[in-house]
Each structure stands twice: as C-alpha cells, then as structure tokens.
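Presented below is the structure to which this report refers.
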C-alpha cells in the first residue's frame, strides 16, 4: 500500500480513493481510527497516512497522529475542512492539508 486514508466520511474517503487509484496509487481506507489501529502492523513506517481531524468519539486526528509519530510513522497528513487551527495545535511532524479540493490534496501529497 502506498497511502492510507482514515476518514469517517465514506463519501469523501471513497471519492479520494477513486481519484488516487486512477493515478496508480495503492490505497487503503478506514472509516474509524480504531479499525486502522487494529491493522497498523500492515503499514510500513514511511506509508503516507491521511487523517481526518474530526472523528466521533474519544480521539481526534491530531491525537491519532501523535500516537503514530511516537511509534515511528513519518508520513502523517491532517486533512480537515476546518480552518484556523491555533499556532501550536498542529505539531510540526503533521502536515495540514485543507479538504477543499481532492486534486490539491493529491498534489500536496506528491501524487
């Protein structure tokens, strides 16, 4: 797999997956962080992981990224429709990408 999308919006995640597959990218999609964490051992440490900010429940995307970073994962991207994160709200190891355009997201991911 080249890329993982973790997003509770099935419409967004599946549409983005379709766009990336047309570009030859292998994609796995998870609709909740717990399902992803159960399969985490399948991901290489340099896998690009795109994480939604908002998840219903106990964990947001920044918290998930923090956990992954501690485990040595390096290709972490925060996808969000939310604008205006506070200065220290998004850690340096996490690249923020607005969800406004799927082709812009793919470009920022280098795909």
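The values are calculated or read from the model by the stated rules, or taken from the named source; none is laboratory data. Note that this is a predicted model, so its numbers are computed, not measured. Every residue, glycine among them, receives a Cβ derived from its backbone with ideal geometry; neighbour counts consider all protein chains shown.
Descriptive notes on the structure:
- Residues of the range 14-36 satisfying the condition of being surrounded by 11 or more Cβ atoms within 10 Å (Cβ to Cβ) and free of Cβ contacts under 8 Å to residues at least 24 places away in the same chain: 14, 17, 18, 21, 34, 35
- If the condition is being touching a helix residue (DSSP H, G or I) at 6+ places or on another chain (Cβ under 7 Å) and assigned to a loop (DSSP other than H, G, I, E, B), then the range 24-53 contributes 31, 53.
- From the list 68, 78, the one residue that fits, being part of a strand (DSSP E or B), surrounded by 15 or more Cβ atoms within 10 Å (Cβ to Cβ) and in contact with a helix residue (DSSP H, G or I) (Cβ under 9 Å, 6 or more places away or on another chain), is 78.
Each row is one residue, and each column tells you yes or no for (1) assigned to a loop (DSSP other than H, G, I, E, B); (2) at pLDDT 85 or above; (3) under 15 Å from residue 13 (Cβ atoms); (4) out of contact with any helix residue (DSSP H, G or I) (no Cβ under 8 Å at 6 or more places or on another chain).
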| residue | (1), (2), (3), (4) |
| --- | --- |
| 73 | yes, yes, no, yes |
| 84 | yes, no, no, yes |
| 90 | yes, yes, no, no |
| 100 | yes, no, no, yes |
| 104 | no, no, no, yes |
